1. Could you state the orientation-averaged shadow area of the convex hull built on the Cα atoms of the chain, in nm² to one decimal?
2. I need the shape label for region 159-227. Rule: rounded when a/c is under 1.5, else prolate if a/b > b/c, else oblate, with a, b, c from the alpha carbon gyration tensor.
3. Could you give me D for region 419-464, from Stokes-Einstein at 4 °C and 1.567 mPa s, where the hydrodynamic radius is the Kirkwood radius over C-alpha pairs? Units µm² s⁻¹, please.
4. Enter the Cα centre distance for the pair region 39-80 and region 414-446, rounded to the nearest angstrom.
5. Mind listing the long-range amide H neighbours of Val30? Cut-off is under 5 Å, sequence gap 5 or more, other chains count too, H placed in the peptide plane at 1.01 Å from N.
6. Suppose we flag trypsin sites (Lys or Arg not before Pro) only when DSSP calls them loop and at most 13 other Cβ atoms lie within 10 Å. Which is the longest uninterrupted stretch of the chain?
7. Work out, step by step, the length gained on full extension between Ala193 and Thr62: first 0.36 nm times the residue separation, then minus their alpha carbon distance; give nm to one decimal.
8. Could you give each residue of region 16-28 its phi-based ³J(HN,Hα) in whole Hz, using Karplus coefficients 6.51, -1.76, 1.60 with θ = phi - 60°, and x for Gly or Pro?
Amino acid sequence: MPSILIIDDEEPIAWGLRRAFEREKYRVGVAATAEDGLSQARKHAPDVVFLDVRLPGMDGLTALTELRKIAPSAAVVVMTAHGNLNTAVKAVEGGAFDYLAKPFDLAQAIDAAKRAITRIQGEPVTAAEVGSDDIDLSPDAIIGRSPAMQAVFKRIALVAPTNACVLITGESGTGKELVARAVHAHSTRRAKAFLPVHVAALNPNLVESELFGHTKGAFTGADKARDGLLTLADGGTVFLDELADIPLTVQAKLLRVLERQEVIPVGGGESQTVNVRIVSATHADLSAAVRDGTFRHDLFYRLNVYPIHLPPLRDRIDDIPALAEHFLRKFGVANPVEVLPAETRSFLKSRPWPGNVRELRNALEHAAIEARGGPLQPEHFPEPASASGPAGIADRLKSLVVEWVRERTGRGEGEPTELHQQLLDTVEPALFDEVLRQLDGNRLAAARWLGLARATVRKMIKKHHPAIDEPDDEG
């Protein structure tokens, strides 16, 4: 019967995990401190250890190092509600089998335990290659405590020590280059070059030369041979931003680099061996590009070995105050907490940010200049960036719905009820009125636009405008 040791000082969590694991027929031990947990590990040699990071006395990451000595065959699952990227990286580099961000479902913990035990039965659990423990990404630190960002930190920590290709996706302004830099900074390539290549900014006729280099006389203006970025980054990492803009003619040569680690300069016949890792990013739908034939499917699969998706800012609203404080420190504000009153924090969390973290940063810099060292007030911020197109409008609508729900659930007047119907009563009249206005009152056409039966449209009009008589014609 496999054995599990839980080291966590939060009694409800330890109790819940114990009950869940006992139902799975595991032998379970519980310790509230790292010191007690290490003592139990010496006596009972558990198969799996669930280890919290914040503990009274010795912290979890220090205990992880000791556990690797005491019980080297045990799989350690690190748990934390206060993690950041360095916490995740140190956990993985310290030999953790998995990393769970609190709060997590018991099903996730059970799944982690089963995977750990399966691995133990198949092969010994060995620590990842250990790198520097004091890597500092400042001033490019990635800020976030939300569950969405905890998931990103975990994926960075897992993939960084490998040589796998990473494809970072997400909307514009979410910080894809920061993630690419983090993957490089926490890898064994960190002492070598990190070269970002913004493909969209390159002359389409020169992309191949920029990436692969060229020989003397390869084309008009090539008066001397030149190494490409893939050669200059030998031993390090190349970050290809806006990947979807790579011309089809160049994609085949890039695939050769990935499969054979060889570069052929423009105008040259002999290949050069390179050792380079490719991290790429895009906000475009590469799957659609593959279907359309504008992006090679074989290259897509080679670059998408390990995907990391960055959430938009609207999906991590609770990270906004910490992001704001971080940016204000970068702008030289001595006491960022003091210059962000509660009213301003609420304003920042309720405002739509179609430009994501980049827009937030620029707005804060604007406000800091306007405030002249004093507290930042909502009036100090610029007008919201216009988000043109259906995507931007949809983002603003989502933000308004979030604000509407929070306003009603935060009144402290008991549990809210009938939110769904209240929302429908709020938006339905505007929807039906505008569609009818666009169609000059033609209800049959409105039914087609809305995807509803004409009887339903008639019913909605009577509901929201009972004084209006239904005409007999189609107008």
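Each reported figure results from applying straightforward, stated rules to the coordinates on display, with no laboratory input. Note that this is a predicted model, so its numbers are computed, not measured. Cβ sites come from the backbone with ideal geometry, for glycine too, and all protein chains shown count toward neighbours.
1. Working: hull surface 128.6 nm².
Seen from a random direction, the Cα hull of the chain projects 32.1 nm² on average.
2. Working: a/c = 3.38, a/b = 1.76, b/c = 1.92.
Cα axes put region 159-227 in the oblate bin.
3. Details: Rh = 10.7 Å.
Answer from the Stokes-Einstein relation: 122 µm²/s.
4. Between the Cα centres of region 39-80 and region 414-446 lies a distance of 56 Å.
5. So Val30 has HN proximity to Ile6.
6. Working: sites that count: Lys25, Lys216, Lys224, Arg372, Arg411.
Longest run free of exposed loop sites: 26-215.
7. Working: separation 131, 0.36 × 131 = 47.16 nm, distance 3.14 nm.
Stretched fully, the Ala193-Thr62 segment lengthens by 44.0 nm.
8. Each residue of region 16-28 in turn: x, 5, 4, 4, 5, 6, 5, 5, 8, 6, 8, 7, 10 Hz.
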